[in-house]
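Student: Provided herewith is a single structure, encoded as structure tokens, for subsequent inquiry.
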Amino acid sequence: MTTNTHGLRDWLLSDEPTSRRQASLSAWYKGWLTFRSNTLAMLGLGVLVVLILAAIFAPLLASHDPFAQDLGARLLAPGVDGHLFGTDSLGRDIYSRILYGARISIYIVLLVAMVAPLVGLIVGTVAGYAGGWVDVLLMRITDIFLAFPRLILALAFVAALGAGIENAVLAISLTAWPPYARIARAETLTMRNSDFIHAIRLQGAGHTRIVTRHIWPLCISSLVIRVTLDMAGIILTAAGLGFLGLGAQPPSPEWGAMISEGRKYILDYWWVATIPGLAIFAISLAFNLLGDGLRDVLDPKEGTS
């Protein structure tokens, strides 16, 4: 087995791949080795894996019903009567609510990560490839969105759409796409007049095929880095909306809403607001560490600068 493992490793690390499949797998493996050598990035990945597993298996890991109220056990300190992180003002177990709250945070992150980069990629590549008045129009619209702080703009959209987790996701997505459009436009401008694009055009490829099959794949790595680094901001924006009562509605165990409730007891019962605050801190830090590691892998120039 050891011989087979070494043989596979040598095959993946070969400097002269004999097939496209070998070249692709070799690139992925070398990227993984670079990422694995970054201790902080691996720490961030580990924290995210733990949080995702905790969210998936929340019904098995939770010690209490996260929605069950027990006024006789309200504001218990951590560790009292089997409540690992204590209880809130309604006697609900904070540990169980943190586990179920991870589901909401990850749900928001995944939806925004699927919507905002895609919108930004389409807008940016169309603007960069078309040029002229199309570029001017799309970039001025982008500038308008960038002129407002993200949380303020999200508040405006949620106020117009109404409170709720779905509207919060939509509002965050509408405020998060402009940076991706800027990145995609910059990448497209550097490739639009390159020799390989001219060669593809001479072969009869249409504009849609050129953009979707040849320009989009080259923009993905930059967008992935930006998405990962933006996750912390998205989580904080979602928590801010929840704190103001415009995100997930009670009794949903959303971390921002839990902090909002606990702020009234912060001096005497610190754990009610501190524990969900630490959860937000942990997932935000993990995404930032993961983003730094992915930047070293996907954009070596940034990692060595």
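Student: Here are a few candidate values for volume of the Cα convex hull per residue in Å³: [x] 138; [y] 181; [z] 129. Which one was actually calculated from the structure I just gave you?
Tutor: [y]
Student: Right, something else. If r is the Cβ-Cβ distance from Met42 to Ala156 and R0 is 35 Å, what FRET efficiency results, to the nearest 0.05?
Tutor: After rounding to 0.05, the efficiency reads 0.35.
Student: Going by average Cβ density within 10 Å per residue, which order do the peptides 80-93, 29-42 take, highest to lowest? Please report the intermediate quantities before stating the final value.
Tutor: Numbers: 80-93: 19.2, 29-42: 14.9.
Output ranking for 80-93, 29-42: 80-93, 29-42.
Student: When the chain is fully extended, how far beyond the present Cα-Cα distance does Leu84 get from Leu118, taking 0.36 nm per residue of separation?
Tutor: Numbers: separation 34, 0.36 × 34 = 12.24 nm, distance 4.07 nm.
Taking Leu84 through Leu118 to full extension adds about 8.2 nm, to one decimal.
Student: Quick one: Thr228, Thr175, Thr212, fewest Cβ neighbours within 10 Å first, how do they rank?
Tutor: Final ranking by Cβ density, sparse to dense: Thr212, Thr228, Thr175.
Student: Still on this structure, please answer the following. With charges set only on the Cβ (+1 for Lys and Arg, -1 for Asp and Glu), what does the dipole of the chain come to about its Cα centre, in debye to the nearest 20? Write out the running numbers ahead of the final one.
Tutor: On the way: 22 positive and 21 negative charges, 161 e Å.
Magnitude of the dipole: close to 780 debye.
Student: Could you grab the relative contact order for the range 37-304? Cα pairs under 8 Å, six or more apart, rounded to a whole percent.
Tutor: This gives 25 percent for the range 37-304.
Student: Helix by helix through the chain, keep the DSSP H runs that span 30 Å or more along the axis on Cα and average at least 1.6 on Kyte-Doolittle, and give those back in order.
Tutor: 94-130
Student: Find which of His64, Pro179, Phe196 sits farthest along the positive direction of the dipole of the range 37-304, computed with +1 on the beta-carbon of Lys and Arg, -1 on that of Asp and Glu, about the Cα centre.
Tutor: Result: Phe196, furthest along the dipole toward the positive end.
Student: Roughly what would the spin-label model give for Arg209 and Ser221, points 7 Å off Cα along C-beta, in nm?
Tutor: With each label point 7 Å from Cα toward Cβ, the separation is 2.6 nm.
Student: OK, next. Say each of Trp28 and Arg9 gets a label point 7 Å from the Cα, pointing the same way as Cα to Cβ; how far apart are those two points in nm?
Tutor: 2.0
Student: Between Asp143 and Gln249, 0.36 nm times their residue separation minus their Cα-Cα distance comes to what?
Tutor: Numbers: separation 106, 0.36 × 106 = 38.16 nm, distance 3.21 nm.
Computed gain between Asp143 and Gln249 is 35.0 nm.
Student: Give me Val136, Val112, Val224, Val297 sorted ascending by neighbouring Cβ count inside 10 Å, so fewest comes first.
Tutor: Lowest count first: Val136, Val224, Val297, Val112.
Student: With runs of 4+ DSSP H residues as the only contributors, calculate the mean residue ellipticity of the chain at 222 nm using -39,500 (n - 2.57) per run, divided by the residue total and rounded to the nearest 500.
Tutor: That comes out to -24000 deg cm²/dmol.
Student: Hey, another quick one. Please arrange Trp271, Trp28, Trp216 by how many other C-beta atoms lie within 10 Å of their C-beta, fewest to most. Before the final figure, lay out each step's value.
Tutor: Working: Trp271 21, Trp28 12, Trp216 17.
Starting with the residue having the fewest Cβ neighbours, the order is Trp28, Trp216, Trp271.
Student: Here's another thing I want to ask about it. Just to verify a number: FRET efficiency for Ile266 and Leu61, C-beta to C-beta distance, R0 = 30 Å, to 0.05?
Tutor: So the FRET efficiency works out to roughly 0.65.
Student: Can you find, among Asn38, Ile122, Phe148, the residue farthest towards the positive end of the dipole of the range 37-304? Put +1 on the C-beta of Lys and Arg, -1 on that of Asp and Glu.
Tutor: Result: Ile122.
FYI, it's all coordinate maths here, none of it is from the lab. Treat the numbers as computed from the prediction; the structure is a model and nothing was measured. A quick note on method: Cβ atoms are made from the backbone with ideal geometry, for glycine too, and the neighbour counts reach across all protein chains shown.
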